[in-house]
Amino acid sequence: MPFGEADTRAKLIDPSLHARGWTEDLIRREETAGAVEIVGDRPRRRARGRVDYTLRVKVNAASQAVAVALLEAKAEHLPPAHGLEQAKAYAACRRLNVAFAFASNGHQFVEFDRKTRITTAPRPLSEFPTPVALRVRYEQAMGFSLESPAARPLLARYPGGEATRRYYQDAAIRAVLEKLARGEKRALLALATGSGKTFIAVHLLKKIADAGQLRRALFVCDRDELRAQGLGAFQNVFGADAAAVSSGSPQKNARILVATYQTLDVASDDADANFLVANYPENYFSHIVIDECHRSAWGKWSQVLTRNPGAVQIGLTATPRQLEVTERSPEAEADARISADNIRHFGEPVYEYDIGQGIEDGYLAACEIIRRDIFLDDKLRPERETGIEVEDLAGKLVTDALTGEPLTVAEARARYHATEFEERLLLPDRVQTMCDDLFRHLLRTGSPEQKTIIFCARDRHAEDVSIALNNLYARWCADQSRARLEPYAFKCTAASDGGDYLADLRGAARHHFVATTVDLLTTGVDVPCVRNIVFFKYVRSPIAFYQMIGRGTRLDPPSEKLMFRVYDYTNATRLFGEGFRTKFQQPRTPRGGEAPDPPEPPERTLQVEGFDVRVTDAGHYIVTSEDGRAVPVTVEEYKQRLAARLVEAASTLDEFRQRWIIPVNRRELLARLPEGGRSALLIRALEHMTDYDLYDVLGELGYGLAPRTRPDRADAFTYKHAGWLGDLPSRAAATLKALAGQFARAGTESLENPEVFQMPDVRRAGGLPALKTLGEPADILQETKRRLFAA
C-alpha cells in the first residue's frame, strides 16, 4: 500500500534530504496552535494544528538558522506537484516569509520560486538542492550576503531559544531584518490585534542590539496602559536598559526608551511637541518603533521621525493607512485629516498577518457574526437604506433633546440619514428595541452576564444604552429571583472618565459586564475576556472597524474563551476585507483676499418618540480567510466548505470511520479541514451539539450520518455488541464498558489519553491489567473504537 503524507515524509523524504546535507538542525517543524478543546471538566488543551516544515540555512554552528524554503510532503501515490498551485504556493511562501516552496511524493520533487513565480518540472529527489546551494540562491534573491555586516541581526539568536516565538512572528522579524540588510531604513508590519506586535518589537531590537548595531532606541505607543505592558516586555529581555519615559523623567541613561504619544506631547494636532524637542536633540535615536502608526495627528507625531532622519524607523499596525481621493463620509473625513500616510513613508508592508489567518491558525478567537436589520414604522426597507424623511415625523412627539421643549415637525430637517441617528436625531424607541433584541440574544447564548462592548454614536447614546440594559437586567434578575451583580452596564467614554473602569471590565468576573462606548475602547485596550462586540453605531472607516473588532480577537484561557460574537445592527461588518484606504479630501484654501466661509450655526438635536421599531434577522456568518484576507461567509456556506474538504479527504463514511479511530490519521484528516480542527468545533458550538463527539458532527455534515450524543453512542455500544462483550472475560468486558462511559463524558480523545486507565471507574472495572489478558491493549482499544463508531 502506498505511504500517506506522514509516512512519505518519515520513510522517503527525510532520508533523501539527510543524504543531501539537510541535518535536523536545518529542518524545523512550525506548528500552529490548532483547535482548542475542553475535555469534560478538565483544563483546556490544544489539539495539533497545521504543521509546516521549513528548510533553514546557517552561516556557522553558533548562528541563528534562517528560514529560506517550505517543504510539503505528498502521499506517495500522488504527483509531487499535487495541490501546489501557483497561488497557493505563493501564499504559503508569503505566510512563512520564505523564498522557495518544495513539494515531494518521496520520489520526485517540484520547486516554486516566490520571486519569479515559476514552478519547475518534477525532478528526482536525489537532485534536491543542498543547503549550500539553496543559501546561495537565497542570497541572490535577497540582494545581500548573510556574512555581510548588515545581515548580522538575522544571525543573532533568540534569547532563551525559539520555543516562545510563533512562526509568523519569526517571519515578520526576518522580513524587517532582510529589508534593513539591503540598506533600507524604513519598514512597515501589519499584524492583526492580538498577534503579539510587542513581542516582535522587543526581539527585533534585541537582535539588532546583539549584532552591535543599536545605539539608542525609542518605542512609542498609545496610552499609559500600553506603555506599562511594553515596558514589562522590554525589561524581560533588556533588563534595566529599558525604561519608561514620563513627564518628569526623560530617562536619558536608558538604552531602550518606552514612551507614549501623550508624554512626548505629539498626541494631537494642537500638541506642541515640547517634551520631545526639549529632551531629545535631532538624531538622538538610532532606532524608532512606532506602535499603532495608523493613528491620527500625523503632522504632529511624525516629528518623532523627522527629527531622527538617520534612524531605522519601523511602523507597527493592525491597520496600515493609505490616502486616496474618493467619496466623503463622516468617519472617512476624520481619517482624511491625516496629512501623510504609512505606505508613502514606510513603504508597502514587508509582512502581513490578517485576522482571518490568525483565526485559521488558532492564535485568535473565531468570529461569529449575527447581522440584524432595523425597520421603522411600516417601511419595507431597513433604516440604513431609507433614513427618515420629515414626513415620517407626522404624529410623533418631537422635542429638543437637550431641554425637552416641544417642537413642531417644521423645525426638523427634510431628511436624516441613518448615520445621524442618535447623534442629530435621538430615537428612544429605537434604542429600547435594539437593547431588547440584544438582551434576548445574550440570554439565548448563555447569560446576560457576558463581557460585552457596545459601540455607540456619541456619549449621550452610550448613556441611554447603558440605562436601557441596566433596566432590562434588573427586571430579568427580579423575574429569576436572583441577586443583581452590579454595576452591570456602564458608560465607558472619554467624557465620563471611562478609562477608570477598564480594569474592572477586564478583571472583574462578577460585575462590570457591559461597556457602552464611542471610541475609547477602539485602541490600546487589551481585554481578552470580551465575548461580544456590538455595533449600535454606523461605521464607515475600515480602519476604525478593524480596531473595534480587535477588542474581541484575543483568546482567554482562564475564561475558556474560544470564539467571540459580533452583533451587527448597522451593517458594519460589510467592511471585513475592505482595503485600509483613508478617503482624503484636500481642505479648501481661500484665495487671496477671499474671506473664509462663515461657520455653520450649531444645529439643534431633536428627539422623536412614537416610532414602531422592528429588528429582524439579516444573516448569520463566520469569518474565515480567503487569499490571506478575512471575509464573512454564511454559516451554511461555511458548513458546505467544511463538508467538501471532508469528503475530499475521506470519500465515504467507512473511510472516514477507519481514519477517525487511528489518532495520527484523525489528526491528519482534521488538519485538512478549514482552520484545522477548529472548524468542526465551531460548527458543534453553532449547532448546539456540545453533547456530540466530533465524529458525529462531521459524520452528519459530510455523509448524512444520523448523529448520536456521546451517552447514546456509549449505550448503543453496550447493547449492540453485547454478544462480543459477553464472550470476553468479565473484568475485561467491564473495563471496556467503563471506557465507553469515559467516552460518553469526554469523547474520542479521552480514550487515547494514557491517564484514562487511572480513572476510578476504569480502575475498579479491571483497568489495564484486565485488557492485557486479551492481548495488546492498543489493539483492543482500536477494535473497541471501531465498534463504538459502528454502533
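Worth a mention:
- The heavy atoms of His287 present about 10 square angstrom of accessible area, all protein chains included, probe 1.4 Å.
- Residues listed by number, region 48-85, amide nitrogen under 18 Å from Glu24 label point at 7 Å toward C-beta: 53-58, 61-62, 65
- Kirkwood Rh in Å, taken over region 599-679 so that all alpha-carbon pairs contribute: 16.7 Å
- With the largest listed first and rounded to whole Å, the semi-axes of the equivalent ellipsoid of region 434-533 from the Cα gyration tensor are 21, 15, 12.
- Kyte-Doolittle at least -1.0, axis length at least 18 Å by Cα - qualifying DSSP helices, the chain: 167-181, 197-210, 224-238, 428-444, 459-480, 635-649, 730-746, 777-790
- Amide proton proximity set for Ala618, modelled H, under 5 Å, gap of 5+: Arg371, Arg372, Asp373
- Entry note: region 682-791 has Rg to Rh equal to 0.99, where both radii use alpha-carbon atoms and Rh is the Kirkwood radius.
- An ellipsoid equivalent to region 638-688, defined through the eigenvalues of its Cα gyration tensor, has semi-axes of 18, 12, 10 Å when rounded to whole angstrom and sorted largest first.
- Entry note, region 448-497: relative contact order of 42 percent, from Cα contacts under 8 Å with a spacing of 6+ residues.
- Cα-based reach from Lys737 at 19 Å (exclusive), listing lysines while leaving out same-chain residues under 8 positions away: Lys720, Lys772, Lys785
- Ligands, DNA and RNA left out, the accessible area of the chain computed with a 1.4 Å probe is 49% carbon and sulfur.
- For region 168-278, diffusion coefficient by Stokes-Einstein and Kirkwood Rh (Cα), 25 °C, 0.890 mPa s, µm²/s: 164 µm²/s
- Exposure of Leu78 as accessible area (Å², to 10), given a probe of 1.4 Å and all protein chains: 40 Å²
- Region 660-736 has equivalent-ellipsoid semi-axes of 29, 15, 10 Å, by the square roots of 5 times the alpha carbon gyration tensor eigenvalues, sorted largest first.
- Were the residues from Asn283 through His441 laid out at 0.36 nm apart, the gain over their Cα-Cα distance would be 51.4 nm.
- Cα gyration tensor, region 66-150 - rounded (a/c under 1.5), prolate or oblate: prolate
- Loop GluC sites (Glu not before Pro), region 63-96, which have at most 15 other Cβ atoms in a 10 Å radius of their Cβ (DSSP): Glu85
- Relative contact order of the chain, taken over Cα pairs closer than 8 Å and 6 or more residues apart, is 11 percent.
- Of the residues Asn308, Thr433, Thr445, the one whose Cα sits farthest towards the positive end of the charge dipole of the chain is Asn308 (charges of +1 on Lys and Arg Cβ, -1 on Asp and Glu Cβ, taken about the Cα centre).
- The per residue volume of the convex hull around the alpha-carbon atoms of region 391-463 is 112 Å³.
- Average accessible surface area per residue within the chain, 1.4 Å rolling probe, Å²: 42 Å²
- Accessible area per residue was computed with a 1.4 Å probe on protein heavy atoms; Cys529 scores about 20 Å².
- The chain - Rg over Rh from alpha carbon coordinates, Kirkwood radius: 1.00
- Label zone at Glu127, where the point sits 7 Å out along the Cα-to-Cβ direction: region 57-81 residues whose backbone N lies under 19 Å: 72, 79-81
The values are calculated or read from the model by the stated rules, or taken from the named source; none is laboratory data. Please read these numbers as outputs of a predicted model, since none were measured by experiment. Cβ coordinates were reconstructed from backbone atoms using ideal geometry, including for glycine residues, and neighbour counts include every protein chain displayed. Surface areas here come from the heavy atoms of the whole protein model, side chains and all, with no ligands, DNA or RNA. Shrake-Rupley method; radii C 1.70, N 1.55, O 1.52, S 1.80 Å.
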